[in-house]
Amino acid sequence: MSPDFLYAVEVLLNGLMAGVMYSLVALGFVLIFKASGVFNYAQGVMALFAALTLVGIMNGQVPFSHLINAVFGTSVHEFGWHVPALGAIALTAVVMVIFAFLVEKLILKYLIGQEPIILFMATIGLAYFMEGFGDLMWGADIKALDVGLPKGGSIWIEENTAWLAAEGSRFFGFFIDKLDVSATLVAVVLVIALTLFSQYTATGRALRAVADDHQAALSVGISLRAIWVITWSIAGFVALVAGIMWGSKSGVQFSLAFIALKALPVLMLGGFTSIPGAIVGGLIIGMGEKLFEFFVGPLIGGATENWFAYVLALIFLVFRPQGLFGERIIERV
Amino acid sequence: MYYREAGDFKTSYRADQQNFPIRFDRIHFWVMMALAFGVVPFFINDYWANAVFVPFLIFAIATLGLNLLTGYCGQVSLGSAGFMAVGAYASYKLMTSFPELNFFVVILLSGGITALVGTAFGLPSLRIKGFYLAVATLAAQFFLVWLFNKVPWFYNNSASGQISVPRREMFGIPITGPETAASTKYLVCLVIVFVLGFVARNLTRGRIGRSWMAIRDMDFAAEIIGVDPLRAKLSAFAISSFYIGIAGALFFSVYLGAVEVGEAFGINNSFLILFMVIIGGLGSIYGSFAGAAFLILMPVLLKNVLVGGLGWPSDLAAHLEFMIMGALIIIFLIVEPHGLARLWAVTKQKLRLWPFPY
């Protein structure tokens with residue numbers, strides 16, 4: 001096979017892996033949207049916050065140390081211990097549950113029955129708040145996150161695919177990041193776990209009932225507010241997973257919050273209410289933008305990844321507004 | 001007690017339909033204008049102009065524009081900063097290609113160019129609405145910023161990729177460029193804001209504004225009573241973009257002077273303008289000004305109190321500012337989804353009766 005074709009395949013594979021990362025964020029959106037009809041813009045910031053908290057706990061940082069030092073003139077920074085990765089992840093999960101509880105208690109409770117766009121804007125406000133809060137609590141510097149996932153290109157894959165091209169051509173096997181592979185595995189496990197949870201447990205069924213019809217669910221005795229706390233907690237876990245993956249890949253930093261924006265076109269493509277849609281949409285966007293950048297990017301100046309996903313979603317909207325797997329609920333004009 | 005309409009009789013249709021039917025409002029408005037035009041320019045200095053007044057006036061235009069679209073016509077847009085960039089680059093290209101063109105003509109033309117672009121990106125609104133449309137306008141935001149970054153024609157092949165405003169004069173006084181006096185900047189913006197505010201107010205009272213509101217409230221019903229949704233929506237996009245484009249042109253030429261597109265017209269500014277609309281009040285001209293003033297003043301105030309007053313590091317103040325801004329938006333949406341404009345209306349109602357409870 002010719003090296004050019006193989007390069008294209010390599011780009012495609014890497015695009016698929018990047019797509020998995022988008023899917024992870026999009027999943028959190030879909031969960032909350034299905035259960036509460038809220039389009040949660042803060043999902044990306046939740047991932048950032050979870051990753052920040054994880055790093056903070058692992059390194060034994062003192063929360064709000066910056067603020068405390070500024071107010072009292074002290075200079076505390078760290079407790080001086082290190083928490084192992086698994087323990088820290090568990091503690092972060094607890095933080096995310098508390099966060100879900102507070103969101104329900106302080107915000108959602110008061111906004112029941114408002115228009116979706118008002119709720120959407122409220123989550124933008126929440127995103128801003130969390131951004132400031134996370135930075136205030138843990139500091140705004142870029143942090144390295146290492147929970148022990150393998151990193152770097154996989155030599156094994158490279159060696160075992162090098163034979164694909166003819167001898168002497170400039171192709172040395174596919175370069176695939178191990179981290180992307182583990183992210184894919186984690187995403188698969190996560191989706192299977194979520195599917196099993198929503199199909200076979202009582203709570204999962206209650207979640208689906210609420211997603212179908214709020215009032216009917218209320219009338220058979222499902223507590224809406226408890227369900228919302230649970231959904232936001234699950235979305236918090238998904239955000240934590242996404243935060244770990246993105247944080248290990250590119251460091252825990254502010255730009256993590258912007259992956260929420262990347263997840264929007266994924267959702268438009270896949271449909272707002274479909275978990276498989278989020279996965280497939282993520283894969284299509286990841287693949288599409290990498291291939292577009294590879295083939296068309298050099299012709300028009302590169303960096304097309306910034307907008308390709310949106311334009312693709314825009315074109316898609318015109319022809320199939322409910323997305324690939326979405327229900328036909330979108331309001332058409 | 002202070003706010004009375006008793007004794008304010010109208011004897012002609014003309015008097016009945018004026019912009020401020022209540023004499024008290026009218027007097028206050030003209031007193032404010034007299035202060036803004038006659039007093040402030042003599043006392044303004046560089047700090048006040050650059051930190052408060054000029055950004056306030058420019059964002060007031062952008063907020064007015066977005067409010068026409070979102071508040072009056074019900075179409076949410078997250079691409080405002082992208083359209084501001086269109087206005088800025090249009091004014092730059094016009095000023096450098098036609099150096100003898102009058103500055104105000106340049107500003108108007110860049111508004112017009114932005115209106116064309118905005119209408120093109122408004123086309124999806126004919127098929128989708130709600131936050132699907134919001135995401136569609138995000139496409140505009142990212143695509144436009146990318147375009148201005150990548151195509152050298154837009155920034156005249158300058159090495160840094162920045163655009164910087166050439167010096168233009170009017171009546172021998174520099175109105176753009178580094179030597180511009182604070183009061184000139186302020187007055188240029190103020191004149192444009194005054195005219196645009198007047199136009200916006202009257203647009204929303206007339207046929208076109210009412211057709212927007214009909215579309216906003218219920219598009220089916222509007223279509224049945226004879227409002228053409230295509231015309232109403234596209235005109236809303238066009239006029240809104242016209243305003244936002246003018247704001248962008250002023251932001252670049254009068255306020256910043258030199259612009260790097262990703263920084264000055266990033267997605268954060270789109271959100272900022274949207275927040276100004278929400279906090280000021282959806283569907284209110286007064287609210288656009290109130291919202292812009294609030295969100296421009298608050299960071300300045302916070303900075304002065306926290307950094308200047310308490311001696312905190314400025315990054316801490318910046319984080320707190322984010323938190324307070326987010327919290328305020330949530331609180332506003334919970335307590336008063338109609339924003340500052342509604343609060344003001346309620347206060348007026350109370351003042352009418354004060355000191356009596358009923």
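Of all residues in the range B:174-185, one or more are buried (at least 17 other Cβ atoms within 10 Å of the Cβ), without any contact (Cβ under 8 Å) to a residue 24 or more places away in the chain and in a helix (DSSP H, G or I).
Within the range B:117-141, the set of residues being in contact (Cβ under 8 Å) with a residue 12 or more places away in the chain and either of a type in the set (Asp, Glu) or out of contact with any Leu (no Cβ under 8 Å at 6 or more places or on another chain) (or both) comprises B:Gly118, B:Phe121, B:Lys129, B:Gly130, B:Phe131, B:Leu133, B:Ala140. Exactly one residue out of B:Ala238, B:Ala182 is within 23 Å of B:Phe289 (Cα to Cα) and more than 20 Å from the chain's Cα centre (by Cα), and it is B:Ala182.
Flag set for B:Leu147, criterion: farther than 29 Å from A:Pro116 by Cβ, aliphatic (A, V, I, L, M) and in a helix (DSSP H, G or I). As a summary of the residue check, A:Leu283 satisfies the conditions (1) closer than 23 Å to A:Phe120 by Cβ; (2) modelled with pLDDT of 80 or more except for the one numbered (1).
Filtering the range B:79-106 to residues that are surrounded by 24 or more Cβ atoms within 10 Å (Cβ to Cβ) and either in contact with a strand residue (DSSP E or B) (Cβ under 9 Å, 6 or more places away or on another chain) or closer than 13 Å to B:Ile175 by Cβ (or both) leaves B:Ala85, B:Ala88, B:Tyr89, B:Ser91, B:Tyr92.
So which residues in the range B:330-358 are at pLDDT 80 or above, over 21 Å from B:Asn67 (Cα atoms) and among the hydrophobic types (A, V, I, L, M, F, W, C)? Passing the criteria: none in range. Return the pairs, sorted by first residue and then second, in which the second residue is of a type outside the set (Val, Ile, Thr) and crowded, with 21+ Cβ neighbours inside 10 Å, the first residue lies in the range B:314-330 and is more than 17 Å from A:Phe64 (Cβ to Cβ) and more than 7 Å from chain A (Cβ to nearest Cβ), the beta carbons are less than 8 Å apart, and the residues are 6+ apart or on different chains. Partner pairs satisfying both residue conditions: B:Leu328/A:Gly125. Right, B:Thr114: within 14 Å of chain A (Cβ to nearest Cβ) and either closer than 14 Å to B:Ser80 by Cα or surrounded by fewer than 23 Cβ atoms within 10 Å (Cβ to Cβ) (or both) or not? Against the criterion (within 14 Å of chain A (Cβ to nearest Cβ) and either closer than 14 Å to B:Ser80 by Cα or surrounded by fewer than 23 Cβ atoms within 10 Å (Cβ to Cβ) (or both)), B:Thr114 does not qualify.
Looking only at the range B:150-173, residues that are of a type in the set (Gly, Ala, Ser) and over 27 Å from the mean Cα position of the chain (by Cα) come to 4 in all.
Against the list (1) more than 20 Å from B:Ile58 (Cα to Cα); (2) surrounded by 19 or more Cβ atoms within 10 Å (Cβ to Cβ); (3) within 14 Å of chain A (Cβ to nearest Cβ), the condition B:Leu147 fails is (2).
If you go through the range B:282-313 and keep only what is farther than 29 Å from A:Asn69 by Cα and of a type outside the set (A, V, I, L, M), you end up with B:Gly283, B:Ser284, B:Tyr286, B:Gly287, B:Ser288, B:Phe289, B:Gly291, B:Phe294. I need the full set of residues from the range A:80-122 which are of a type in the set (Phe, Trp, Tyr), modelled with pLDDT under 85 and either touching a helix residue (DSSP H, G or I) at 6+ places or on another chain (Cβ under 8 Å) or surrounded by 12 or more Cβ atoms within 10 Å (Cβ to Cβ) (or both), in order please. Matches in the range A:80-122: A:Tyr110, A:Phe120. Highlighted here are the helices (runs of 4 or more DSSP H) found entirely within the range B:9-94 that include at least 3 residues which are free of Cβ contacts under 8 Å to residues at least 40 places away in the same chain: B:13-16, B:23-34. Given the structure, is B:Val193 away from every other protein chain (no Cβ under 14 Å) and modelled with pLDDT of 75 or more? Here the answer is yes, as B:Val193 does meet what is asked. Is at least one residue of the range A:198-219 of a type in the set (Gly, Ala, Ser), assigned to a helix (DSSP H, G or I), touching a Ser or Thr at 6+ places or on another chain (Cβ under 8 Å) and without any contact (Cβ under 8 Å) to a residue 40 or more places away in the chain? There is at least one residue in the range A:198-219 that is of a type in the set (Gly, Ala, Ser), assigned to a helix (DSSP H, G or I), touching a Ser or Thr at 6+ places or on another chain (Cβ under 8 Å) and without any contact (Cβ under 8 Å) to a residue 40 or more places away in the chain. Among the conditions (1) hydrophobic (A, V, I, L, M, F, W, C); (2) in contact with a Lys or Arg (Cβ under 8 Å, 6 or more places away or on another chain); (3) at pLDDT below 85; (4) within 23 Å of B:Leu272 (Cα to Cα), B:Cys73 misses just one, which is (3). Residues A:Ala35, A:Ala93, A:Ala122, A:Ala51: which one is part of a helix (DSSP H, G or I), over 30 Å from A:Phe292 (Cα atoms), within 11 Å of chain B (Cβ to nearest Cβ) and hydrophobic (A, V, I, L, M, F, W, C)? Unique residue meeting the criteria: A:Ala122. Of all the criteria given as (1) touching a Pro at 6+ places or on another chain (Cβ under 9 Å); (2) more than 9 Å from every other protein chain (Cβ to nearest Cβ), the one not satisfied by B:Leu126 is (2).
Yes/no per residue for (1) part of a helix (DSSP H, G or I); (2) touching a Pro at 6+ places or on another chain (Cβ under 9 Å); (3) at the interface with chain B (Cβ under 9 Å from one of its Cβ atoms); (4) among the hydrophobic types (A, V, I, L, M, F, W, C):
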| site | (1), (2), (3), (4) |
| --- | --- |
| A:Thr273 | no, no, no, no |
| A:Glu289 | yes, no, no, no |
| A:Phe292 | yes, no, no, yes |
| A:Val311 | yes, yes, yes, yes |
| A:Leu317 | yes, yes, yes, yes |
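The values are calculated or read from the model by the stated rules, or taken from the named source; none is laboratory data. Everything quoted here is computed from the prediction, not taken from an experiment. No Cβ is skipped: glycine too gets one built from the backbone with ideal geometry, and neighbour counts run over all protein chains shown.
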